[in-house]
Amino acid sequence: MAETFPFPRRTPVRVTFGLGMLLLGIFGFVPAIGVLVASFTDLRGLPGLPIAFVGIQNYIDFFSPAKWADSANALTNTVIFAFASTIIQIVVALAIAVLLNRKLKGRNFYRAVVFMPTILGVTVTGLVWSLIFNVSGGPAASVLQLFGGRSAFFGDPHLALALVILVQVWMVLGVSVIIFLSGLQAVPEELHEAAEIDGASAWQRFRSVTVPLLAPAITANVLLGIVNALQSYQLIYVLSGPNNRSTQVLSLLVYVQGFGGASGTTLSQSQGYAAAVSMVQFVLVAIVSIVALMILRRREAKL
């Protein structure tokens, strides 16, 4: 036992595991329970104000006719943003990973370039793309002017969400590429050679050999993409601001209601309601993640 176990005794493992669970409880479960409790109150975030228990009134308000227009808009944008960005991210990342998995000259440099947007951070990424799509002399505006066109870009209600999805994919693409590269490098070359000898084309080898063996990587990327997109608001805030209805998502609505930023919302009115919206978002993320995991696991079993 001493030769196979990494520690001479189990006590260090138990102590380490216990400390880890303690930290998880303090910084994970306790805040989550606090948000749940706050969602049943009229917490207003200002010191000295009394806090009253309002039951499920905040949840009723979220689905009430008075607020349903904003709530439905945020829900719709959240679903579109999450699924569109995830699908595009998976397809593009897989294509790039297949390309970078080949013996290309300078492929390590290309891998670094692809991964670089991931380490820039949300604020830097948002500012860079805000400059690119600046309506007053930005590169994108200059190109449009050459063809006689004009656009408000992030101010255009028909274009803003699509541009945010584009930037989101560009920012998180590197992680998906790395995961796919790890999966591709684990695919035995003998399988490709055997399929080639049997007369399979490149596309047939990719579809019948590579994709089935990449099923765990696809599952990981899909779950990471969906959860990340459903919880993302910082990039949208930097690119289009807090008051743009065309890019308003649930997580941004939580921020606006909890910390201000939109017209008509103040700290003295919105803390409890923001907690309720965050719990609605939590349920949405949990349902989508569980359903996606079940579907992908079944798909893996079939493959």
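Tabulated data for the structure shown
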read-out: Segment 181-239, subset among the hydroxyl-bearing types (Ser, Thr, Tyr) and over 25 Å from the mean Cα position of the chain (by Cα), residue surrounded by the fewest Cβ atoms within 10 Å (Cβ to Cβ); value: Ser201
read-out: Within segment 100-127, tally of residues that are surrounded by fewer than 16 Cβ atoms within 10 Å (Cβ to Cβ) and of a type outside the set (Gly, Ala, Ser); value: 16
read-out: Some residue of segment 128-146 being over 18 Å from Leu184 (Cβ atoms), aromatic (Phe, Trp, Tyr) and out of contact with any helix residue (DSSP H, G or I) (no Cβ under 9 Å at 6 or more places or on another chain); value: no
read-out: Residue in segment 204-217 that is under 22 Å from Phe83 (Cβ atoms), without any contact (Cβ under 8 Å) to a residue 40 or more places away in the chain, of a type in the set (A, V, I, L, M, F, W, C) and in contact with a Gly (Cβ under 6 Å, 6 or more places away or on another chain) present; value: yes
read-out: Filter result for Phe115 (within 27 Å of Trp203 (Cα to Cα), out of contact with any Leu (no Cβ under 9 Å at 6 or more places or on another chain), in contact (Cβ under 8 Å) with a residue 40 or more places away in the chain and part of a helix (DSSP H, G or I)); value: no
read-out: Pair list, Cβ < 7 Å and 6+ apart or interchain, from segment 56-80 residues that are farther than 21 Å from Leu161 by Cα to residues that are among the acidic types (Asp, Glu); value: Lys67/Asp61
read-out: Test result for Val54, touching a Ser or Thr at 6+ places or on another chain (Cβ under 7 Å), surrounded by 11 or more Cβ atoms within 10 Å (Cβ to Cβ) and either hydrophobic (A, V, I, L, M, F, W, C) or at pLDDT 85 or above (or both); value: yes
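Okay, residues lined up against (1) at pLDDT 80 or above; (2) within 16 Å of Val92 (Cβ to Cβ):
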{"residue": "Ile178", "(1), (2)": "yes, yes"}
{"residue": "Gln185", "(1), (2)": "yes, no"}
{"residue": "His192", "(1), (2)": "no, no"}
{"residue": "Gln204", "(1), (2)": "yes, no"}
{"residue": "Thr210", "(1), (2)": "yes, no"}
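The rows are residues; the columns are (1) aromatic (Phe, Trp, Tyr); (2) in contact (Cβ under 8 Å) with a residue 40 or more places away in the chain; (3) surrounded by fewer than 21 Cβ atoms within 10 Å (Cβ to Cβ); (4) assigned to a helix (DSSP H, G or I).
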{"site": "Asn134", "(1), (2), (3), (4)": "no, no, yes, no"}
{"site": "Gly137", "(1), (2), (3), (4)": "no, no, yes, no"}
{"site": "Gln145", "(1), (2), (3), (4)": "no, no, yes, yes"}
{"site": "Val167", "(1), (2), (3), (4)": "no, yes, no, yes"}
{"site": "Trp170", "(1), (2), (3), (4)": "yes, yes, yes, yes"}
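The values are calculated or read from the model by the stated rules, or taken from the named source; none is laboratory data. Not measured: the values here are computed from a predicted model. Here the Cβ is made from the backbone with ideal geometry for all residues, glycine too, and neighbour counts use every protein chain on show.
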